[in-house]
Amino acid sequence: TACSPSPPERAGGEAEAAREWARPPVIERVERAGPGLTVSGVAGAETRVVLRGDDGTAYAATADSRGRFEIGVPAPAGHLLLRPETQVGQDPAPSPDRLLILAAGEGPIVVLRPGGATRRLDAAPALGAIDSDGRMRLASGQVAAGTDVVAVQSGDELVQVAPDSRGRWSVILPPRDGPDQVRVAGRDFPWPGEAVGSQDLAVERLDSGWRIRWAGPGGSGQTTWLPDPAAP
C-alpha cells in the first residue's frame, strides 16, 4: 500500500478540499433590500459564511455550489463594523477584511484591510480612500476600465500609476503630519490629516468626506479617509 499512488492522490484531494473549505469570504457587494441590506460575495463552495459584530451579533448563510452567498443584515441605526469569516465545523477561518457600513447604509460602505487599501462598495470618486498608519499613506481608488494611467499628486510629488483591468489603482504617498492637498485625475482632494484618540472605531463626518479611526493588527490605530463624490 505504501507504494501505491492512490493514497497521495486522495491526500492531495483532501488537502485541496480543506483549502477550499477554509477559504475566507470575499465581500463583493452590499445592496439595499427593503428595510435591510443584502451582503453578497464569494467563498468556498457550500461553506458557512458568518458576518460577526463586536457586540456578539452574527449573520450567516451557506454558500452555494459555486461559492456564491447572500446574507441579510438589518439596516443599522448608525455605523456597523462586521468581521467576515468561514466556519468549518467549530473552527472559524477569519478574513483579514472588515466590512464597514456607515450611517445606516446611507453613507459609504467599504471593506477595510489592515496593511492594505480600502475597497469602496459605494459610489466613489477617482480617489476612493487614503489609509494611514501614521508612518505611511496609501491612496487608492477606481477609474473607468481601460484607463491607461492615473495621475496622483501630493505636494511636489507627481506619480502616474497604471490601473488594473477593472480600473483599480493604489499608490504610496509621502507622509504628512497635517492636512494635505491630493490631486487625482484632475480633481483636488483635501486630506484632513490623521485621526487622533481612541483605537476603537471612531467615525467623523467632515466637509470633504468621512474620517475613520479603527484598530489594525495588534491593536495599532489606523486612519481611513473616504472622500465624498463630486456634487452633482
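The values are calculated or read from the model by the stated rules, or taken from the named source; none is laboratory data. Everything numeric here is computed off the predicted structure, so don't read it as measured data. Positions of Cβ are generated from backbone atoms using ideal geometry, with glycine treated the same way; all protein chains shown enter the neighbour counts.
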Problem - Number of positions in the range 162-202 that are within 21 Å of PRO229 (Cα to Cα) and over 20 Å from the mean Cα position of the chain (by Cα) - result: 14
Exercise for the section: Considering only residues that are of a type outside the set (Ser, Thr, Tyr) and within 17 Å of the chain's Cα centre (by Cα), look in the range 80-92 and name the one that is surrounded by the fewest Cβ atoms within 10 Å (Cβ to Cβ). Expected result: ARG83
Exercise for the section: State all residues of the range 43-60 that are aliphatic (A, V, I, L, M) and within 20 Å of the chain's Cα centre (by Cα); if no residue qualifies, say none. Expected result: ALA43, VAL49, VAL50, LEU51, ALA58, ALA60
Completion exercise
Subset of the range 132-148, residues at pLDDT below 95 and touching a Ser or Thr at 6+ places or on another chain (Cβ under 7 Å), comes to SER132, ASP133, ALA145
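Taking the conditions exactly as written (among the hydroxyl-bearing types (Ser, Thr, Tyr), more than 22 Å from GLU31 (Cβ to Cβ) and either surrounded by fewer than 21 Cβ atoms within 10 Å (Cβ to Cβ) or under 17 Å from the mean Cα position of the chain (by Cα) (or both)), does SER132 satisfy them or not?
Numbers: among the hydroxyl-bearing types (Ser, Thr, Tyr): yes; more than 22 Å from GLU31 (Cβ to Cβ): yes; either surrounded by fewer than 21 Cβ atoms within 10 Å (Cβ to Cβ) or under 17 Å from the mean Cα position of the chain (by Cα) (or both): yes.
Criteria met by SER132.
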Completion exercise
The strands (runs of 3 or more DSSP E) lying entirely within the range 127-232 that contain at least 2 residues which are of a type in the set (S, T, N, Q) and farther than 27 Å from PRO94 by Cα are 150-154
Problem - Meets criteria (at pLDDT 95 or above and surrounded by fewer than 21 Cβ atoms within 10 Å (Cβ to Cβ)) for LEU112 - result: no
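For (1) farther than 21 Å from GLY78 by Cα; (2) in contact (Cβ under 8 Å) with a residue 40 or more places away in the chain, each residue gets a yes or a no:
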site	(1), (2)
ALA124	no, yes
SER140	yes, no
THR147	yes, no
ASP200	no, no
ARG213	no, no
Handout entry: Count of the range 151-206 residues which are surrounded by 13 or more Cβ atoms within 10 Å (Cβ to Cβ) and touching a helix residue (DSSP H, G or I) at 6+ places or on another chain (Cβ under 9 Å)
Key = 2
